[in-house]
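The values are calculated or read from the model by the stated rules, or taken from the named source; none is laboratory data. Remember, it's a predicted structure, so these values are computed and weren't measured experimentally. Don't worry about glycine lacking a Cβ; one is built from the backbone with ideal geometry, like all the others, and counts go over all protein chains shown. Note: areas computed on protein heavy atoms with side chains; ligands, DNA, RNA excluded. Shrake-Rupley method; radii C 1.70, N 1.55, O 1.52, S 1.80 Å.
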Amino acid sequence: MLFKQQVWLRQKLLVLGSLAVGSLLYLVARVGSLDRLQPICPIEGRIGARGQAEFPLRALQFKRGLLHEFRKGNVSKEQVRLHDLVQQLPKAIIIGVRKGGTRALLEMLNLHPAVVKASQEIHFFDNDENYAKGIEWYRKKMPFSYPQQITIEKSPAYFITEEVPERIYKMNSSIKLLIIVREPTTRAISDYTQVLEGKERKNKTYYKFEKLAIDPNTCEVNTKYKAVRTSIYTKHLERWLKYFPIEQFHIVDGDRLITEPLPELQLVEKFLNLPPRISQYNLYFNVTRGFYCLRFNVIFNKCLAGSKGRIHPEVDPSVITKLRKFFHPFNQKFYQITGRTLNWP
Ligand code: A3P
């Protein structure tokens, strides 16, 4: 009897001991992650806050929840005044490239406590009707933020639209411009897949990629096909360089953002003069999605919508080879201009 009681007691102690050790380990891990989430480094001076009082990132992190509420449109004039909220013109714009990973980049940058994203594509500079509404209309489309934060918007059509560089230059000639690119043939197929899906949704038939990408008369690459033209990155970039020096651009490797997002994001933080605050904790690989998803804190995680990361249709390998050969010289020029070599085939 006594022996049985001793065994029972030992087992109880073992369970309690493991629980205590487990809780301790959890607390240690939690404190570590909180530290990463709510850094106390001041951002004053690093993102161009002119003469504003020091504002710790920790406070910005705490106020994000509040900003989220305001973004839903429930903000009163009183709250704006009380919280010192502003709608700021963007200090950086993700100008493209369509299907390069623009949404992933914006959402991932939004993990940074000093960044506030414009959720929707605003299409101010590429759409004449919107542009005619004036800069105040554009500013009013921006999310509420604290003056110490920076607003970022993304509209991938900006990269390929003729009038946009001059219009952005007129708004802010020292703005920072982010371009996320993928291997040009993959990007073109991704572009095609998006259009194909739209047609299928409307029960419409569509051409095969091969038919659009290759001119049936010459058997050469069809440069009139928009998905091909968009992937000639250097042609578009050259137009932008008439207005902005190359130092104002940062090239993000969209293929690496898929497989290894953190180092790409750290390069962007540096380019934007932001203290490094996005960490591996904020990014976790979701096996079901096959992509990295975002972790804002212990409670709030999110993956991108299902429209990001579509399965591409199979494409004739000879067409892929032809396209890669076609893009090769343009890619070389792109590397040369930007100073970023991307090892595309
Ligand atoms: P695919 O759908 O071809 O895979 P954009 O936002 O500019 O439209 O780009 C969409 C692309 O972002 C997707 O193209 C996908 O590969 C890429 N992407 C990069 N990181 C992603 C992520 N974490 N989750 C989902 N898609 C991501």
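For the stretch 124-180, applying the loop criterion from DSSP together with a ceiling of 11 other beta carbons within 10 Å to the GluC sites (Glu not before Pro) yields Glu162. Sorting the segments 286-292, 324-330 by their mean number of nearby beta carbons within 10 angstrom, highest to lowest, gives 324-330, 286-292. One equal scatterer on each Cα of the stretch 151-206, no solvent, Debye formula: the resulting log10 I(q)/I(0) at q = 0.18 Å⁻¹ is -0.80.
What the Cα convex hull of the stretch 78-231 gives, in volume per residue, is 150 Å³. Other residues within the sphere of radius under 11 Å centred on the Cβ of Asn222, judged by their own Cβ, net out at +2 (K and R +1, D and E -1). Taking 8 Å as the Cα distance limit and 6 or more residues as the minimum spacing, I'd like the relative contact order of the stretch 208-310 as a percentage. RCO, the stretch 208-310: 12 percent.
Roughly to the nearest percent, how much of the accessible area of the stretch 139-186 is carbon and sulfur, given a 1.4 Å probe? Reported share for carbon and sulfur atoms: 42 percent. Sequence-distant contacts, meaning Cα pairs under 8 Å at least 6 residues apart, place the relative contact order of the stretch 144-238 at 26 percent. Extending 7 Å from Cα along the Cβ direction at Gln266 and again at Ser173 yields two label points whose distance is 3.6 nm.
Ranked by the mean number of other Cβ atoms within 10 Å of their residues, highest first, the peptides 226-236, 299-309 come out as 226-236, 299-309.
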